[in-house]
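Participant: One structure is given below, represented as structure tokens, and several questions about it will come after.
The values are calculated or read from the model by the stated rules, or taken from the named source; none is laboratory data. Everything numeric here is computed off the predicted structure, so don't read it as measured data. Counting neighbours? That spans all protein chains shown, and the Cβs are built from the backbone with ideal geometry, glycine included.
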Amino acid sequence: MALELWETLKEAITAYTGLSPATFFTVAALGLAVYYVVSGLFGGSDNHQHVPRQYEEQMQPLPPPVQLGEVTEEELKQYDGTDSKKPLLMAIKGQIYDVSQSRMFYGPGGPYALFAGKDASRALAKMSFEDVDLTGDVSGLGPFELEALQDWEYKFMSKYVKVGTIKKTVPVTDGTTTNEPAAEATESNVGKPAEDDPSVAAPVETPAGGESKEE
């Protein structure tokens, strides 16, 4: 059936155009190519004006990294890429790096955008994209995961500029708890009988029958 249609098409091309099928398809291809070239030069001028502007915005030189010093994890969230005027930062093992040059990966819409503005040590070690792993806590990781995390750290150290560290929060202890052992010791000393204290003289008992001897 297909062969019969092809033979009919060849006969129709020869009858109506006077050209062989090969010549006809060659001319058609050349005409289509000329059409695309001409339409690209004149018809699509608006599109060609917008595309270079987008590339120019992406190719603008990045500002030099700004040293932040110590910041909290909450403050680090401000640099997740949602504000284009701020640098794009990410932390690994408590060390903060400026990853603005890799905005296509760590910026909004990138494959690793959820790591930006956070210490993603655990997620990088496990290659996890779960929210529960977006933390700098690496306790309980296996040797292979720790090795993978070390490789990530070497990559960040060699490619990006370190701009700060994450401030570690130290739990504040109540000062009254330190006095409890001393208070307990004082109470125990008060409760001891006087016979345990060598400074208190014990009463001397007189031998039995002592009065009869004096008589």
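Participant: Looking at K85, K77, can you tell me which residue is modelled with pLDDT under 90 and among the charged types (D, E, K, R)?
Facilitator: Of the residues listed, the single one that is modelled with pLDDT under 90 and among the charged types (D, E, K, R) is K85.
Participant: Which numbered condition in (1) within 11 Å of the chain's Cα centre (by Cα); (2) within 14 Å of I166 (Cα to Cα); (3) among the acidic types (D, E) is the only one that E75 fails?
Facilitator: (1)
Participant: If you take the residues of region 121-167 that are free of Cβ contacts under 8 Å to residues at least 24 places away in the same chain and among the polar types (S, T, N, Q), which of them is nearest to L76 (Cα to Cα)?
Facilitator: T135
Participant: (1) touching a Phe, Trp or Tyr at 6+ places or on another chain (Cβ under 7 Å); (2) over 20 Å from K167 (Cα atoms); (3) free of Cβ contacts under 8 Å to residues at least 24 places away in the same chain: which one isn't true of Y106, the others all being true?
Facilitator: Exception for Y106: condition (3).
Participant: Still on this model: Going by what's in this entry, would L146 be described as of a type in the set (A, V, I, L, M), assigned to a helix (DSSP H, G or I) and touching a helix residue (DSSP H, G or I) at 6+ places or on another chain (Cβ under 6 Å)?
Facilitator: no
Participant: If you scan region 83-113, which residues turn out to be buried (at least 17 other Cβ atoms within 10 Å of the Cβ), under 18 Å from L149 (Cβ atoms) and not aromatic (F, W, Y)?
Facilitator: M90, A91, I92, K93, Q95, I96, V99
Participant: Also, quick follow-up: In region 114-143, how many residues are more than 12 Å from A91 (Cβ to Cβ), assigned to a loop (DSSP other than H, G, I, E, B) and of a type in the set (G, A, S)?
Facilitator: The qualifying residues number 4.
Participant: Still on this structure: Of a type in the set (K, R), modelled with pLDDT under 55 and either assigned by TED's automatic domain parsing to the domain that holds L76 or outside any helix (DSSP H, G or I) (or both) - does that describe any residue in region 185-193?
Facilitator: Yes: one or more hits.
Participant: How many residues does region 149-164 contain that are of a type outside the set (S, T, Y) and in a loop (DSSP other than H, G, I, E, B)?
Facilitator: Residues flagged as of a type outside the set (S, T, Y) and in a loop (DSSP other than H, G, I, E, B) within region 149-164 amount to 0.
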